[in-house]
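The values are calculated or read from the model by the stated rules, or taken from the named source; none is laboratory data. For clarity, every value in this text was computed on a predicted model and none was experimentally measured. For neighbour counting, all protein chains shown are included, and Cβ atoms are generated from backbone atoms with ideal geometry for every residue, glycine included. The protein model used for the area step is the full one, side chains on, heavy atoms only, and it has no ligands, DNA or RNA in it. Shrake-Rupley method; radii C 1.70, N 1.55, O 1.52, S 1.80 Å.
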Amino acid sequence: MKTSTKMNTLVSSMFLLGLSVSSFTASAIELGGDITITSDYAFRGISQTEEAPALQGGLSLTDESGFYLSVWGSNVDFLAEGTLELDVLLGWSGSINEDWSTDVGIMRYGYPNTEIDGSNFWEVYGSLSYKDLTFGLAYSDDYYANSGNFFYIYANYSYALMDNLSLDLHVGQNEYDDSSASYLDWSVGVSTEVLGAGLSLAYVDTDIDGSYLADSRVIFSISKSF
C-alpha cells in the first residue's frame, strides 16, 4: 500500500514531538498492558474472525506527561488471507480540567501475513470526553484495501446503573469516498468487574444488508489489565 507524503510528514512530526518532550522532561515511564478473550472480534460492527472467538492483548509505555506508545494484537480470519492483526499507536492523552479530557494520536493497522493489497494503513484519531460521554473522529487518507479517504465519527456513553455495573452505549458512522459503502454501526452493552477481571456483554449491529459478518450479534468478553 502506498503511504502519502502528508501522512509521512504527520508521523514524523508526532515522533519528533514525542522525542522533544521526553528529552526536556525528567518524566517517569510506566509499562502496562491488558489481555482479552472475546467471543467475536467485531471492528466497527464487522466481524474480523468469521464470528469466531479472539485472543487479544496490548502493551503500552506511558510518560507522565501524557505521551504513550502502544502495540496491540489479535487473531483475525480473512478467509485464509490473514490470521493476525498487529497495530502500533503513538499519541497523547490528558485532562483539560476536572470534567474534560482528550486523546489524540496516530495509528498503523498492520496485517503481517495478509496478502490483500492495501491491507496495512495509517489512521489519525482524536476524541474529546466530558465525564462519561465521548465524541471521537478518525481519518485515513487511504483506508483498508486501498479504499481511499475514510472518516469514522462516533460517540460513546457509559452510565452507572449501580456500583460496579455500567450501561455502555456506542454509535459510529463509517464514511467512505464511495458513499455506497458507508454504513452505521452501534452497540448496547453492560460491563462490570469481578475478582479484578473486566466482564462485558454487548449487542452489536450495523445497517449493512446482506452480509453475515455485519449482522446483529451478542458478544461476551473478559479482560485483565496489568
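Within the group ILE153, ILE116, ILE208, ILE106, which residue is farther than 26 Å from GLY33 by Cβ, hydrophobic (A, V, I, L, M, F, W, C), surrounded by 13 or more Cβ atoms within 10 Å (Cβ to Cβ) and in contact (Cβ under 8 Å) with a residue 40 or more places away in the chain? Only one candidate passes the filter, namely ILE208.
Is there a residue in the stretch 143-155 that is touching a helix residue (DSSP H, G or I) at 6+ places or on another chain (Cβ under 6 Å) and closer than 21 Å to GLU50 by Cβ? No, the stretch 143-155 has no match at all. Pairs linking a residue in the stretch 157-183 that is in contact (Cβ under 8 Å) with a residue 60 or more places away in the chain to a residue that is polar (S, T, N, Q), with Cβ atoms under 7 Å and 6 or more positions apart or on different chains, are ASN174/SER182; TYR183/ASN174; TYR183/THR206. The number of residues in the stretch 124-135 being under 19 Å from PHE43 (Cβ atoms) and touching a residue at least 24 places away in the same chain (Cβ under 8 Å) comes to 4. Among the residues here, SER74 does not qualify as in contact (Cβ under 8 Å) with a residue 24 or more places away in the chain, surrounded by fewer than 17 Cβ atoms within 10 Å (Cβ to Cβ) and among the small types (Gly, Ala, Ser). Selection of the stretch 123-146 for residues being at pLDDT below 95 and either among the polar types (S, T, N, Q) or under 13 Å from the mean Cα position of the chain (by Cα) (or both) yields only ASN146. In the stretch 44-70, what residues are without any contact (Cβ under 8 Å) to a residue 40 or more places away in the chain and more than 25 Å from SER187 (Cα to Cα)? The answer is LEU59, SER60, LEU61, THR62, GLU64, GLY66, TYR68, SER70. Within the stretch 57-71, if we keep just the residues that are open to solvent by less than 50 Å² (accessible area, probe 1.4 Å) and either among the β-branched types (Val, Ile, Thr) or under 12 Å from the mean Cα position of the chain (by Cα) (or both), the residue that is nearest to PHE220 (Cα to Cα) turns out to be GLY58. Looking for something surrounded by fewer than 15 Cβ atoms within 10 Å (Cβ to Cβ) and hydroxyl-bearing (Ser, Thr, Tyr) - is there at least one such residue anywhere in the stretch 85-100? Looking through the stretch 85-100, at least one residue is surrounded by fewer than 15 Cβ atoms within 10 Å (Cβ to Cβ) and hydroxyl-bearing (Ser, Thr, Tyr). Residue pairs whose Cβ atoms lie under 6 Å apart, sitting 6 or more positions apart in sequence or on different chains, and linking a residue in the stretch 188-200 that is more than 22 Å from ARG44 (Cβ to Cβ) to a partner that is in a strand (DSSP E or B) and not β-branched (Val, Ile, Thr), are THR192/LEU165; THR192/LEU199; ALA197/LYS224. Of the set (1) within 17 Å of the chain's Cα centre (by Cα); (2) loosely packed, with under 14 Cβ neighbours inside 10 Å, all apply to LEU169 but (2).
Consider SER191 carefully, then state whether it is in contact with an Asp or Glu (Cβ under 6 Å, 6 or more places away or on another chain) and either closer than 24 Å to GLY148 by Cα or open to solvent by 50 Å² or more (accessible area, probe 1.4 Å) (or both).
Details: in contact with an Asp or Glu (Cβ under 6 Å, 6 or more places away or on another chain): yes; either closer than 24 Å to GLY148 by Cα or open to solvent by 50 Å² or more (accessible area, probe 1.4 Å) (or both): no.
It is false that SER191 is in contact with an Asp or Glu (Cβ under 6 Å, 6 or more places away or on another chain) and either closer than 24 Å to GLY148 by Cα or open to solvent by 50 Å² or more (accessible area, probe 1.4 Å) (or both).
Residues of the stretch 32-51 that are open to solvent by 40 Å² or more (accessible area, probe 1.4 Å) and either part of a loop (DSSP other than H, G, I, E, B) or among the basic types (Lys, Arg) (or both): SER39, GLU50, GLU51.
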